[in-house]
Amino acid sequence: SAGAAEADVIQELTRAISLGEQYYVYSGAGTTEPTGILTALAAAAPTFDATFTGATTLVGSVAAAVAVAAGQLAARNQAATAAVMNGADYWAMFAQGSDNAGFYSGGAFSLTPDGQVRVWGIPVYPDNSITSDTLLIGNFKAAKLYIGQGFRIDTNTQSGSRWDYNLIGFRGEEDIAFDARTAVAVGAFERITNLVP
């Protein structure tokens, strides 16, 4: 394949590692894997879930939910560095509100020159690792991800019958350590579980 097959395998392994990191950071179970932010929030006492009812009105919009959750963070002296939501909810956000209410012209929404959407100045990211109808907002700098040996891809042509069949085996690995419990315990994150109507 003149390297095309190898490049495809490397691309797929790189994407798999990225998705694995996302899963662990958000939803890692904490027993045989890192404790994710949503897992830590679900077990937290006190609970860091903002009260919000999603609706088609401006007061029930995603932009209003961001403001509610950011307000809860501010009350705990935490600054929101980012908000994350499911991709479908992210795009539903743009169908809410109205321009004559100031949502799109100098109000809640802004767009940076590099295409980053901000709501009330807070960067908002779509990520399908987040359950639909859920908004996760917080001071993501408070959660530490440690990387031991960086992402690497090993190849092997010798094991088993690979040599006989002219095959190459690929293995992608990365060593990470993550535990969201401390960041959640100090109130660095807020969750809304009823984001959209």
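The values are calculated or read from the model by the stated rules, or taken from the named source; none is laboratory data. These figures come from a predicted structure and were not determined experimentally. As a convention, Cβ positions derive from the backbone with ideal geometry for all residues, glycine included, and neighbour counts pool all protein chains shown. In case anyone asks, the SASA skips ligands and DNA or RNA and just uses the protein heavy atoms, side chains included. Shrake-Rupley method; radii C 1.70, N 1.55, O 1.52, S 1.80 Å.
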### Summary
Of the residues in region 1-29 that are in a loop (DSSP other than H, G, I, E, B) and at pLDDT below 85, the one that is least open to solvent (accessible area, probe 1.4 Å) is Gly3
### Query
Restricting region 30-42 to residues that are part of a loop (DSSP other than H, G, I, E, B) and surrounded by 15 or more Cβ atoms within 10 Å (Cβ to Cβ), which is nearest to the chain's Cα centre (by Cα)?
Gly36
### Message
Just to be sure before I move on: is Thr31 among the polar types (S, T, N, Q) and either farther than 16 Å from Ile137 by Cβ or touching a Leu at 6+ places or on another chain (Cβ under 9 Å) (or both) in the structure I sent?
### Response
yes
### Query
Quick check, is Ile147 open to solvent by less than 50 Å² (accessible area, probe 1.4 Å) and of a type in the set (A, V, I, L, M)?
no
### Query
Which condition number does Val186 fail, the rest of (1) in contact (Cβ under 8 Å) with a residue 40 or more places away in the chain; (2) touching a Ser or Thr at 6+ places or on another chain (Cβ under 9 Å) being met?
(2)
### Task
Give Arg152, Arg118 a once-over and let me know the one that is in contact with a strand residue (DSSP E or B) (Cβ under 8 Å, 6 or more places away or on another chain) and more than 27 Å from Tyr90 (Cα to Cα).
Arg152
### Summary
Checked region 136-158 for anything touching a helix residue (DSSP H, G or I) at 6+ places or on another chain (Cβ under 8 Å), assigned to a loop (DSSP other than H, G, I, E, B) and farther than 17 Å from Phe189 by Cα; matches are Phe151, Thr157
### Task
Being open to solvent by 10 Å² or more (accessible area, probe 1.4 Å) and over 19 Å from Pro34 (Cα atoms) is the filter here, so list the residues in region 182-197 that pass it.
Arg191, Thr193, Asn194, Val196, Pro197
## Note on the structure
Among residues of region 55-88 being in a helix (DSSP H, G or I) and closer than 14 Å to Arg118 by Cβ, the residue most open to solvent (accessible area, probe 1.4 Å) is Ala67
### Query
Inside region 172-181, can you point out the residues that are among the small types (Gly, Ala, Ser), open to solvent by less than 30 Å² (accessible area, probe 1.4 Å) and at pLDDT below 90?
Gly172
### Unique match (being assigned to a loop (DSSP other than H, G, I, E, B) and under 15 Å from the mean Cα position of the chain (by Cα)) among Asp133, Asp114
Asp133
### Task
Under 6 Å between Cβ atoms, at least 6 apart or on separate chains: pull out the pairs that start in region 168-179 with a residue that is farther than 8 Å from Tyr146 by Cα and in contact (Cβ under 8 Å) with a residue 12 or more places away in the chain and end on any residue that is hydroxyl-bearing (Ser, Thr, Tyr) and open to solvent by 70 Å² or more (accessible area, probe 1.4 Å).
Ile168/Thr155; Phe170/Thr155
